[in-house]
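A.B. asks: Sending over a structure as structure tokens; questions will come in a sec.
The values are calculated or read from the model by the stated rules, or taken from the named source; none is laboratory data. Keep in mind that this is a model prediction, so the values were computed, not measured. When we count neighbours, we look across all protein chains shown, and the Cβ atoms used for this are built from the backbone with ideal geometry, even at glycine.
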Amino acid sequence: MTQQVSLSKYKQRSQPQSIYAAQIQEALLKIETVRQMTGFSEATIRRRVAAGDFPAPRKFGIRCTRWVAGEVREWLRKQAQ
């Protein structure tokens with residue numbers, strides 16, 4: 001008898017982050033939240049970071065990357081000028 005293993009338990013995603021987290025200066029934002037704030041795709045954000053044209057994220061291990069909300073908001077403010 002073959003036992004089936006659910007892959008969903010191995011690929012659990014964290015809960016979505018509220019866009020309101022971006023209002024907290026020191027909040028650490030997930031890529032999805034940064035995408036909502038900027039309207040950019042993940043690829044565009046990463047290209048701009050590599051080019052030095054967007055705030056660099058903080059790395060907290062291999063699979064945990066976060067942006068500081070205040071830095072992203074300041075970048076957006078400068079773009080609007």
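A.B. asks: Looking only at residues that are at pLDDT below 95 and among the hydrophobic types (A, V, I, L, M, F, W, C) in the stretch 1-50, which one is surrounded by the fewest Cβ atoms within 10 Å (Cβ to Cβ)?
C.D. replies: Ranking the candidates gives M1 first.
A.B. asks: Could you check the stretch 66-80 and list, in sequence order, the residues that are surrounded by fewer than 17 Cβ atoms within 10 Å (Cβ to Cβ), farther than 13 Å from F54 by Cβ and among the basic types (K, R)?
C.D. replies: Correct list: R77 only.
A.B. asks: Considering the stretch 11-51 alone, what residues qualify as being without any contact (Cβ under 8 Å) to a residue 12 or more places away in the chain and assigned to a helix (DSSP H, G or I)?
C.D. replies: Y20, R35, E42, A43, T44, R46, R47, R48, V49, A50, A51
For (1) touching a Cys at 6+ places or on another chain (Cβ under 9 Å); (2) of a type in the set (D, E); (3) at negative phi, each residue gets a yes or a no:
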| position | (1), (2), (3) |
| --- | --- |
| R35 | no, no, yes |
| G39 | no, no, no |
| R47 | no, no, yes |
| G52 | no, no, no |
| A56 | no, no, yes |
| K59 | no, no, yes |
| R63 | no, no, yes |
| W67 | no, no, yes |
| E71 | no, yes, yes |
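A.B. asks: Right, here's the next one. Testing D53 on (1) under 18 Å from Q79 (Cβ atoms); (2) surrounded by 11 or more Cβ atoms within 10 Å (Cβ to Cβ), one condition comes back false. Which one is that?
C.D. replies: Unmet for D53, out of (1) under 18 Å from Q79 (Cβ atoms); (2) surrounded by 11 or more Cβ atoms within 10 Å (Cβ to Cβ): (2).
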